[in-house]
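Read the structure below first, then the notes.
Rule-based calculations on the coordinates, nothing more; no lab input. What you see is a predicted model; the values in this text were computed from it and never measured. Counting neighbours? That spans all protein chains shown, and the Cβs are built from the backbone with ideal geometry, glycine included.
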Amino acid sequence: MTQVILGGLDGNRTWRLADYVARGGYEALRKALSGMTPEQVIEEVKKSSLRGRGGAGFPTGLKWTFMPRNYSGDKYVVCNSDEGEPGTFKDRDILRYNPHALIEGMILAGYAMGATRGYNYIHGEIWSVYERCEEAVQEARDAGFLGQNILGSEFSFDLFNHHGYGAYICGEETALLESLEGKKGQPRYKPPFPATYGLYGKPTTINNTETFASVPWIIRHGGQAFLELGKPNNGGTKIFSVSGHVSRPGNYEVPLGTPFAKLLEMAGGVRGGRKIKAVIPGGSSMPVLPGDVMMQLDMDYDSISKAGSMLGSGAVIVMDETTCMVRALERLSWFYHEESCGQCTPCREGTGWLYRVIHRMEHGQGRAEDLDLLLSLSDNIQGRTICALGDAAAMPVRSFVNHFRAEFEHHVTHKRCLVEGSARQEKVA
Amino acid sequence: MDMPFLSPHDTDLGTPEKISDQQVSLHIDGHPVTVPRGTSLMRAAALTGLSIPKLCATDTLEPFGSCRLCLVEIEGRKGFPASCTTPAEEGMVVRTQSTQLAQLRRGVMELYISDHPLDCLTCASNGDCELQDMAGAVGLREVRYPSIEHHHLTAQKDDSNPYFVYDPSKCIVCNRCVRACEEIQGTFALTLSGRGFSSRVSPGESQPFMASECVSCGACVDACPTATLVEKSILEAGQPEYSVVTTCAYCGVGCGFKADMKGTEVVRMTPWKGGKANEGHACVKGRFAWGYATHKDRILTPMIRKHITDPWQVVSWEEAIQYAASEFRRIQGTYGRDAVGGITSSRCTNEETYLAQKMVRAAFGNNNVDTCARVCHSPTGYGLGMTYGTSAGTQTFKSVEHSDVILIIGANPTDAHPVFGSRLKKRLREGARLIIIDPRRIDLVQGPHFKADYLLQLRPGTNVAIINAIAHVIVTEGLVASDFVNTRCDMESFQAWKAFVVQPHNSPEAMEPVTGVPATQVREAARLYATGGNAAIYYGLGVTEHAQGSTMVIGIANLAMVTGNIGKEGVGVNPLRGQNNVQGSCDMGSFPHEYPGYRHVSDDATRHSFESAWGLPLRKEPGLRIPNMFEAALDGSFRGLYCQGEDIVQSDPNTQHVIAALSSLECLVVQDIFLNETAKYAHVFLPGSSFLEKDGTFTNAERRISRVRKVMPPKGGMSDWEVTVALSNALGYPMHYSHPSEIMDEIARLTPTFSGVSYDLLDRLGSVQWPCDDQNPEGTPLMHVGSFVRGLGQFMITQYVPTDEKVTPKFPLLLTTGRILSQYNVGAQTRRTANMAFHSEDRLDIHPHDAEDRGILDGDWVGVSSRSGNTVLRAHVSERMSPGVVYTTFHFPESGSNVITTDNSDWATNCPEYKVTAVQVTRVRQMSDWQKYHQQFDEMQQHLLRPGPEQMTPS
Ligand SMILES: Cc1cc2nc3c(=O)[nH]c(=O)nc-3n(C[C@H](O)[C@H](O)[C@H](O)COP(=O)(O)O)c2cc1C
Ligand code: SF4
Ligand code: SF4
Ligand code: SF4
Ligand code: SF4
Ligand code: FES
């Protein structure tokens, strides 16, 4: 089975430039610089049907065409390595074990969009990864892959790693730009979009680490080959971070369209042979789906979205039958309440109330009207805020309540948990 | 004739105006609208009279899009875009009301109110709260959230600032205050600390306001839609009933204000959005420091006394004026017609100043009238008059928005002209380049999001050397704007000037030992000024108050001409005037040699026009300047002086000399609101009125004439102009005016550059910049477009001559002086306000090296002595000064800053050389002799003012 990013790696032993080159690294760059126009590079990416791996799944090739062509000033490409979505832990493995894939991908992106500088914004809580990226960038610079007139071409590009401060919201692309500019990380309103007004007000394209790291393979083997790895409109392989109640949690790179059941099997199945209850298929911001629904689905953007959730960042959170859904949601709501940047009212005030109302329920103080209040509050947040964190806070609430309403009602009426053996039961009054 | 009362509430179009040459048309709720491209949907809707609910938007700030109340529906777009951040586009069809929008807005309001105290009835902003208004507008009827864990309701108030309170429990986190501090004021004192639900407005790093970088401009208080940031005066007095537009009486920026009134009581001063000088911004002085107007120290009754050692006798207006008139007549009878004179003030209105000079010329029958502008900007009048033909700045303040390079010389706008300083900082944040020529590291050298490209930190007194060096570079490196010079300037004068500046002794290298500024820096700065695009010069008293003040003004004028930086937006020569009406008092002819409009008294045609209007013959010989009056007083030929609103004892140089002169007068009449330092030497005291108590006009540094409007009756019973009229009548020269507008009508009749000015015009336009005449019926924002007022621009040679004030082993340091933000000049007003909390004493700034040499520590008492005298101040060890230079402010009489300054003055205009005094500084333990004298004399005078009961002698 082809692995675009994680293939051929051996833990900490194979991240250096020499290893990467031995795996065919920087061939794509040579190929592009010696024989492809920037437009042709974008064309290949478009053909590959690579979709953004950061969460929204937006077609990458299309995004790259939004950058103004004949712009005279600076343009930037920015890599979003802020990876803060609960359940997601793939980007840090890419940075740690295959940093040159990202570097080569960003150089290619710079070439394709006429950008002369790239920034890699790395999550604030992973210092050693940042240090490794610094070493890798230095290797690339020393080898002439970064800097002036790369590989003797007209093209010059340099890349800088930036160590963030560990706020989830800094993963939102415009908050990330603010943070990169040295300001408080808070999303900007859009439009204008980064392609017209990005870093320091200049045209900027932001992609996820995994998105960039897929590009060298696409250029080397052609967009069509990448597309064929997956399925139409869902090209390539995808790294899934499988966590929760499974035997072997970890990152699994599989073709898009792989059945969920197969992925679960690769992760060793549900822990302790218990029954699967629910799965969040794309990171904590995405709607939860009941386990039996999931067992019928394939892991690709379109299938998951048809079932009412989203593939998101590819973080698969598996919950078994002992999970109290009220308690799980309480924890998630706490996260969004904590991480809301606080700019817009529905999110700032609303995430607080979501958490507080659910917290009361979980602690046996829920009122009959609270479930509807939660749904109406979610309506008031979703789609009405500056950035998608508002949606991310509201969507889990709606899906949890919709799919597991009985469990919530039980908490309200009986002031205790429905789930036998729930670790929390004894605490409920 | 007066403007009608205004509502204290301004209309708010939600987002700022956008300028574009393209228009877009769209439909909002079925109404067709056409607006400039870039205009927000919110503003477009407001322009058609629709109001979309909003809380985080206001038309003085860029939109932010955070409250989410203003969401609308746009046909063909999904979701609910925010109308404040979405630009109008051609053909859009927008709905601002629908069931879904109503539900959504109610949802937002419900969330707001779920964490807001419900004490509206007892809240300071009751009746002036946008949160209240919006709750009403969206029809909020219930709050469904259970009342648990209300996080912010118990938050601590911060009342550290003397003028406003911050009550976080009421904060709706709309960010307007933060943006106001950034975008309008440019101080960046505020931030929203914390994240999400715990976000709170925080000055500095969660400090109290007073401990933060805040400069108390009040912009955040204005911007706040709730009672979170609210004036203490409103907390005390309640909401105003009505507002009257008037003009700040402090600095030469001339900010427009709304006096927010309750009956005849001012409850707040808010910057007026329609004020073209300030466009809705203000500084701590104009915004907050108006309490002096009702201070207990105000003297409200006329008083007379025979000798300055006699107790003051309270008398009627009638008696005081008769006494003063008879004294002046007696003196003239004994010592001759020229033995009396008058001094007008840049603090008074145009009308008052005009009347005072008229009284001197017509009733005294001589030309012995001078103004305190003598001691600040007389060289500006002279220098710009000679080179360009007009004694005034060339631009509007707004012009700086088009500048690419800004050159600041001897000015400190962020302290002395704060509202202009904020405009300037905004332009710097947008990327304009900055060159500063100043002996001090002023705040503009580096600030939030800007940094000066060059600081030429010269030795005091070497301005002309620097300006010549810059000119040398421009000419020798071929950077002259030849087209401009060839077509607009007098070529003969240019050739002569050119031959002069190219001489090697003017090169930066040759001047380096004189100025102390590295030649390479001068060269680079000169190139930047000449080639960086639109270049504008702003200068202050650091240029004029020198022995070569006029030469320097000419040097500046030459520089602007040789680079073609005159006659368009973004360029020019801009004097920053110290006081509110410096420009006006000069325009009004309060000079011994000039009639209103800068026309010489010896010019027959002009004089005849005044003679026929005033109905008597006038003298053609110039009268005495202020320094000449002092000398004449000491030699016995000058015996009586009428001093209107000006504290010459504290503000003129060499205090002991001034005191000696005043002590020798037989009749000194002082008209002022307080018993100022000069009044302590007076024989007649006539109570003055503050700017809140009179009608008139002020003219700011942009030549902008603005109305001052009476909001309360004169506390002493008479307005200042009425007092002058009464005195003139008593002197036997009757004046007939029933309102200051009639004085302005007379000024307009007799002064060509003012011929179009009237109160009606001012009411209609808000303000007008002179020249205002038939050709320019709405005034002249930009001067010298196409040609100079004098025809061809005149270059003049500016030979550098070192000042006589040289450092010696005895006086090894150079003292220079200046002002601070929160205090104003002699401090008579600001010292009687809570501004004392910001600055309560003058200190001597001294470089750490100089301090160490003398064993001086920060806070030590130090003696400062010069050839004129000595005084004692507290030291402030600071790296703002270069070694060898010390600095102090002059806001407190007991500091005696002017005891040390000398008699040196500008060669052309006698403007004193305040900015350069050679001094020695030593550690001391006690007050100087002068300070002891001052203290005793002050105690005696206070005593004579309010004698204890046992000393009251029945009269
Ligand atoms: C609250 C929030 C957090 C986000 N965090 C991340 C993140 O950690 N990493 C990431 O790549 N994208 C994150 N995103 C998505 C980015 O905004 C952006 O869509 C993405 O970086 C685009 O890259 P892509 O097109 O390659 O997916 C986040 C979005 C939101 C709203
Ligand atoms: S939705 Fe939340 S996180 Fe996003 S901008 Fe608004 S307050 Fe900030
Ligand atoms: S008063 Fe002015 S300087 Fe102070 S915080 Fe408010 S806006 Fe900023
Ligand atoms: S203090 Fe006022 S202006 Fe500032 S965020 Fe709070 S409510 Fe808004
Ligand atoms: S800047 Fe000057 S005119 Fe404006 S408020 Fe301050 S003191 Fe008054
Ligand atoms: S007014 Fe538009 S979002 Fe607040």
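Quick rundown of the values:
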read-out: C-alpha center-to-center spacing [the stretch A:152-223, the stretch A:360-398] in angstrom; value: 31
read-out: Listed residue pairs exceeding 28 Å between alpha carbons, taken from B:258/B:715; B:18/B:285; B:680/B:715; value: B:18/B:285
read-out: Rg/Rg_globular for chain B, with Rg_globular taken as 2.2 N^0.38 Å and Rg from C-alpha atoms; value: 0.97
read-out: Coil-residue GluC sites (Glu not before Pro) of the stretch B:62-113, DSSP, other Cβ within 10 Å capped at 15; value: B:75, B:89, B:90
read-out: Between 0 and 90°, nearest 10: helix A:389-403 axis offset from chain A longest Cα axis; value: 40
read-out: Degrees between helix B:378-388 axis and first principal axis of chain B (Cα, 0 to 90, nearest 10); value: 80
read-out: Neighbour-count ranking [beta-carbon atoms within 10 angstrom, fewest first] of B:435, A:150; value: A:150, B:435
read-out: Label-point separation, residue A:274 to residue A:363 (7 Å along Cα→Cβ), nm; value: 2.5
read-out: Stretch gain in nm, segment residue B:19-residue B:75, where the contour uses 0.36 nm per residue and the Cα spacing is subtracted; value: 17.6 nm
read-out: Leading residue at positive end of dipole, the stretch B:853-940 (Cβ point charges), from B:911, B:865, B:893; value: B:865
read-out: Nearest-0.05 FRET efficiency for residue B:142 and residue B:235, computed from C-beta distance (R0 25 Å); value: 0.25
read-out: Inverse of mean 1/r across different Cα pairs in the protein assembly as shown, Kirkwood, Å; value: 35.6
read-out: Percent of beta bridges antiparallel (DSSP, the stretch B:378-575, rounded to nearest 5); value: 10
read-out: Ordering of B:151-164, B:708-721, B:839-852 by packing [mean C-beta count within 10 Å, highest first]; value: B:708-721, B:839-852, B:151-164
read-out: When each of A:277/A:306; A:31/A:238; B:157/B:694; A:90/B:78; A:184/A:277; A:190/A:277 is checked by Cα-Cα distance, pairs over 28 Å; value: B:157/B:694; A:90/B:78; A:184/A:277; A:190/A:277
read-out: Label point distance in nm, residue B:48-residue B:797, each placed 7 Å from Cα along Cα→Cβ; value: 6.9
read-out: Fraction of beta bridges assigned by DSSP in chain B that are antiparallel (%, nearest 5); value: 60
read-out: The stretch B:791-805 - phi-based ³J(HN,Hα) in whole Hz, Karplus 6.51/-1.76/1.60, Gly and Pro as x; value: x, 9, x, 9, 7, 9, 6, 10, 5, 6, 10, x, 5, 5, 7
read-out: Relative exposure of B:54, B:18, judged by other C-beta atoms within 10 Å (fewest first); value: B:18, B:54
read-out: Residue A:134 versus residue B:804: modelled label distance in nm, points set 7 Å from Cα along the beta carbon direction; value: 6.5
read-out: Distant-in-sequence amide H partners of residue B:434 (H built 1.01 Å from N, under 5 Å); value: B:406, B:453, B:454
read-out: Peptide A:45-53, shielding by other chains (average Cβ, 10 Å cutoff); value: 0
read-out: Net length gained if the chain between residue A:13 and residue A:376 were fully extended (0.36 nm per residue, minus Cα distance); value: 125.4 nm
read-out: Rg [Å, one decimal], Dmax [Å, integer] - the stretch B:1-142, C-alpha atoms; value: 16.3, 54
read-out: Under-5 Å amide H pairs with residue A:206, H placed in peptide plane, nonlocal only; value: A:78
read-out: Cα-based shape type of the stretch B:813-941, given that a ≥ b ≥ c are square roots of the gyration tensor eigenvalues and the cut on a/c is 1.5; value: rounded
read-out: Highest-fluctuation residue, A:310, A:266, A:319 considered, GNM on chain A with Cα pairs under 10 Å; value: A:266
read-out: DSSP bridge orientation in chain A - percent antiparallel, rounded to nearest 5; value: 45
read-out: Relative contact order (%) - chain B, alpha-carbon pairs under 8 angstrom, separation at least six; value: 13
read-out: Between 0 and 90°, nearest 10: helix B:604-614 axis offset from chain B longest Cα axis; value: 80
read-out: For the protein assembly as shown, calculated [θ]222 nm from helices alone, where every DSSP H run of n ≥ 4 adds -39500 (n - 2.57); value: -9500 deg cm²/dmol
read-out: Two-decimal log10 I(q)/I(0) for the stretch A:278-407, as the Debye equation yields it once each C-alpha is a single scatterer, q = 0.19, 0.20 Å⁻¹; value: -1.05, -1.14
read-out: Per-residue HN-Hα couplings for the stretch B:257-270 [Karplus 6.51, -1.76, 1.60; θ = phi - 60°; Hz; x = Gly/Pro]; value: 10, 9, 7, 7, 10, 10, x, 9, 9, 6, 9, 5, 10, 10
read-out: Pairwise FRET efficiency - residue A:302 versus residue A:43, Cβ, R0 = 22 Å, nearest 0.05; value: 0.45
read-out: R0 of 60 Å, Cβ-Cβ distance residue B:942-residue B:849: FRET efficiency to nearest 0.05; value: 0.90
read-out: Residue-span extension gain [residue B:519 to residue B:760] - 0.36 nm each, minus C-alpha spacing; value: 81.3 nm
read-out: Relative contact order, percent, the stretch B:813-941 [alpha-carbon distance under 8 Å, six or more residues apart]; value: 33
read-out: For residue B:887, distant residues with modelled amide H under 5 Å away; value: B:816, B:845
read-out: Estimated Rh, the stretch B:378-575: Kirkwood, alpha-carbon pairs, angstrom; value: 16.4
